[in-house]
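Input: a single structure, listed below in structure tokens.
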Amino acid sequence: MNGQARALIESMPNELGTDAVTPLSFDEAFTLHHRAVFRTARAVVRDSALAEDVTQEVFLRLYRNLDATPGEELLRAWLLRVTLNVARNTVRGSTRSMIRDHEYHRESTDFGSGFVEAPEEEYERQVAIEEARRALDKIKEPMRSCLLLKQQGLSYKEIATSLSLKETNVGSLVARGRKEFARVYGKIGGKR
């Protein structure tokens with residue numbers, strides 16, 4: 001191989017390396033990928049307004065983590081993965097909210113309609129509530145708080161923020177709390 005060919009081959013990786021290192025600016029990434037992110041979000045949440053919210057959250061995360069995001073060739077895949085995660089979390093949050101609203105409405109209409117339980121049913125309900133409270137009192141923190149907040153319908157992220165915990169630890173604390181509650185409640189319930 002002659003000297004010119006060798007020099008050309010040796011210079012190519014350097015030229016390609018400098019071009020590949022040049023990351024996209026936020027504006028360029030937004031312009032290139034906004035439509036794909038929005039369409040993906042809308043496919044998951046099935047609502048254009050929610051899809052816009054998800055899209056905004058995804059690009060906010062891109063802006064905050066622009067230095068840590070993958071290069072241009074992997075950016076679209078990264079954005080779509082984040083979009084799927086945010087959209088799924090949005091759907092879960094909406095579902096939890098609807099369930100809480102439905103339960104509140106159901107409870108408020110039951111009590112507002114003059115519904116009165118039989119005295120023995122009311123007594124048994126009160127005993128069960130007291131047993132559950134005693135069982136909860138025996139569960140150690142932070143499992144107890146995680147369990148209570150999860151029962152209220154909060155997401156792991158909301159629980160982690162509320163209790164200043166790592167989000168990755170919340171799931172195991174909830175699971176251990178449930179197991180401990182079942183064990184302790186079984187002992188208390190058997191004492192009747």
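The values are calculated or read from the model by the stated rules, or taken from the named source; none is laboratory data. Source: prediction; values computed, not measured. Cβ coordinates were reconstructed from backbone atoms using ideal geometry, including for glycine residues, and neighbour counts include every protein chain displayed.
Residues checked against (1) modelled with pLDDT under 85; (2) polar (S, T, N, Q); (3) touching a Phe, Trp or Tyr at 6+ places or on another chain (Cβ under 9 Å):
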position: His34; (1), (2), (3): no, no, yes
position: Arg39; (1), (2), (3): no, no, no
position: Val45; (1), (2), (3): no, no, no
position: Ser48; (1), (2), (3): no, yes, yes
position: Glu52; (1), (2), (3): no, no, yes
position: Phe59; (1), (2), (3): no, no, yes
position: Arg64; (1), (2), (3): no, no, no
position: Ala68; (1), (2), (3): yes, no, no
position: Gly71; (1), (2), (3): yes, no, no
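With respect to the conditions (1) part of a helix (DSSP H, G or I); (2) of a type outside the set (Gly, Ala, Ser); (3) closer than 25 Å to Ala160 by Cα; (4) not assigned by TED's automatic domain parsing to the domain that holds Ser172, Thr31 lacks only one, and its number is (3).
Against the numbered list (1) in contact with an Asp or Glu (Cβ under 8 Å, 6 or more places away or on another chain); (2) farther than 30 Å from Ser48 by Cα, Glu121 comes up short only at (1).
Residue by residue through the stretch 141-186, note down the ones that are farther than 21 Å from Arg100 by Cα and in contact (Cβ under 8 Å) with a residue 40 or more places away in the chain. Correct list: Glu180, Phe181, Val184, Tyr185. Among the residues of the stretch 73-98, the ones that are over 30 Å from Gln152 (Cβ atoms) and surrounded by 15 or more Cβ atoms within 10 Å (Cβ to Cβ) come to 5 in all. Among the residues of the stretch 134-161, those that are surrounded by 14 or more Cβ atoms within 10 Å (Cβ to Cβ), outside any helix (DSSP H, G or I) and not aliphatic (A, V, I, L, M) comprise Lys138, Pro142, Gly153, Ser155. Please work out if Ile159 is β-branched (Val, Ile, Thr), modelled with pLDDT of 85 or more and over 30 Å from Ala51 (Cβ atoms). Criteria not met by Ile159. Residue count for the stretch 35-56, restricted to those that are within 15 Å of Val91 (Cα to Cα) and either surrounded by fewer than 17 Cβ atoms within 10 Å (Cβ to Cβ) or not assigned by TED's automatic domain parsing to the domain that holds Arg92 (or both): 7. Under the condition of being at pLDDT below 90, surrounded by 15 or more Cβ atoms within 10 Å (Cβ to Cβ) and farther than 26 Å from Thr95 by Cα, the residues counted in the stretch 162-192 number 3.
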